[in-house]
Ligand SMILES: *[C@@H]1O[C@H](CO)[C@@H](O)[C@H](O)[C@H]1NC(C)=O
């Protein structure tokens, strides 16, 4: 009996300890939340009610985010706030708001949020690559270096333009080898586009059947997949989780394999490096690294070299591949537009000579079609996240330093106040009454301002040369046994077409 009573009292004291602990934890949590939560600023953009800890995350339906965002925009206007746990986010919609932020207040919006999910790749305070680097001296140096390296790409034996033309030739051979049977263009187009990046970074292209190349591409494809989904996103919001031993390695296996691959290629360069002869971007970077302490402080060190290489793959392959896949899909859906492009090619270039960039000015229609592919294909709907570099003001709203900014490029490319037929494929958006090429200011597929896509020139060159070469050599038709391809996209970081088959009929 006594034992019983004793046990009972122990239990109840344990229980009350637990409740005390519970109350304490709740109070602590709320207190922590209160401390970390944003202050109340006047004129801060409106937004949905924010709960402790989770912020406004319940306002977004993760199964159908596009719908939730649309509703939020309807309710709160073109500039509204969200809160991911304790991260303040402001979403900008429409040409006016996005343009003012990116172009007129470029520096205020030029920063990037720090993204802990990349730490396992070597991303960190001292090595950030370019694309995701914080705004500042290091970023400027690396961006300048990369832009000038891309521009001076006469360093190899061939100019970049010649290389792209040559690659377009390889792509045509592959299409031709299908002998008119239906096939999916995804893999060959991706091979061609990735080869351009490989040439720039590592000075070599791969045969489309090369096994190493296939490995590289499949790691890279999974690289992107590993970033979508709930867990990786959670890691960005609750970064401590990244430090759980083994977790990052497990989630990001392909990313790690991809980086290992880059390391191997870089090592090979180091072994064969000859400072008198620069073969490619890696060599140019190694040359900078040789310059010593100051160069290192400017970001020219090994860790950054591998991140810059990864950045170029990340920014330069999937995007261009996807755009070309959209381009061919629209040609299937609009044979009359395809014929007009081909007529212009025949008139300006003919059937034999490969296209050059000089031809572009004499080909307004083709140019308009390519621009319309980029507008309507809308491949990076919300761009990359920005962050305010200092306190700023946008259309009467106060936005403090350190706020994550989502620029909805999609809402610009399809802004009803700017485009005549925003939701149709209509190349005339880029032609004036005389059939001359014009580029409306709201054409921002590469974003704009200081953080504008650094591969814009390269991408434009690839799109023009690949597209015209393909249409010079083939007519693309929908196979009889295939359904009409879907025009809506599949969204995962990029907005890409659902898989489709076509026939490439030699001309
Ligand atoms: C971006 O704009 C498009 C078109 O207006 C809209 O459907 C989408 O929901 C918006 N996304 C965000 C994140 O606001």
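Values quoted throughout were computed directly from the atomic coordinates according to the rules given, and no laboratory measurement underlies them. What you see is a predicted model, and the numbers here were worked out from it, not measured in a lab. So basically every Cβ, Gly included, is an ideal-geometry build from the backbone, and we count neighbours across all protein chains shown.
The calculated FRET efficiency for residue 333 paired with residue 181, based on their beta-carbon distance and R0 = 22 Å, is about 0.60.
To the nearest ten degrees, helix 2-36 and the longest principal axis of the Cα atoms of the chain are 50 degrees apart.
Full extension of the chain segment joining residue 297 with residue 421 gains 39.6 nm, where the gain is 0.36 nm per residue of separation less the Cα-Cα distance. Against the main long axis of the alpha-carbon atoms of the chain, helix 186-202 sits at an angle near 80°.
Modelled label positions at residue 140 and residue 152, each set 7 Å beyond Cα in the direction of Cβ, lie 2.0 nm from each other. Summarising the label geometry, the points placed 7 Å from Cα in the beta-carbon direction at residue 498 and residue 356 lie 4.4 nm from one another.
With neighbours defined as other Cβ atoms within 10 Å of a residue's Cβ, the residues 166, 128, 107 order from fewest to most as 107, 166, 128.
Sorting 201, 477 from the fewest to the most surrounding beta carbons within 10 angstrom yields 477, 201.
May I ask you to give the average projected area over all directions of the convex hull of the Cα atoms of the chain, in nm² rounded to one decimal?
The number I arrive at for the chain is 31.3 nm².
With all projection directions averaged, the alpha carbon convex hull of the stretch 63-106 covers 3.8 nm².
Summarising the strand pairing of the chain, around 85 percent of its internal DSSP beta bridges are antiparallel. Computed from the C-beta positions of residue 505 and residue 274 and an R0 of 45 Å, the FRET efficiency is 0.45 to the nearest 0.05.
Estimated from helical segments only, the mean residue ellipticity of the chain at 222 nm is -15500 deg cm²/dmol, where each DSSP H run of four or more residues counts as -39500 (n - 2.57). A crude spin-label estimate for the pair residue 41 and residue 61, with each label 7 Å from Cα along the Cβ direction, gives 3.1 nm. R0 = 56 Å: FRET efficiency of residue 267 with residue 17, Cβ-based, nearest 0.05? My answer for the efficiency is 0.45.
Note on the stretch 58-74 and the stretch 345-362: Cα centroid distance 45 Å, given to the nearest whole angstrom.
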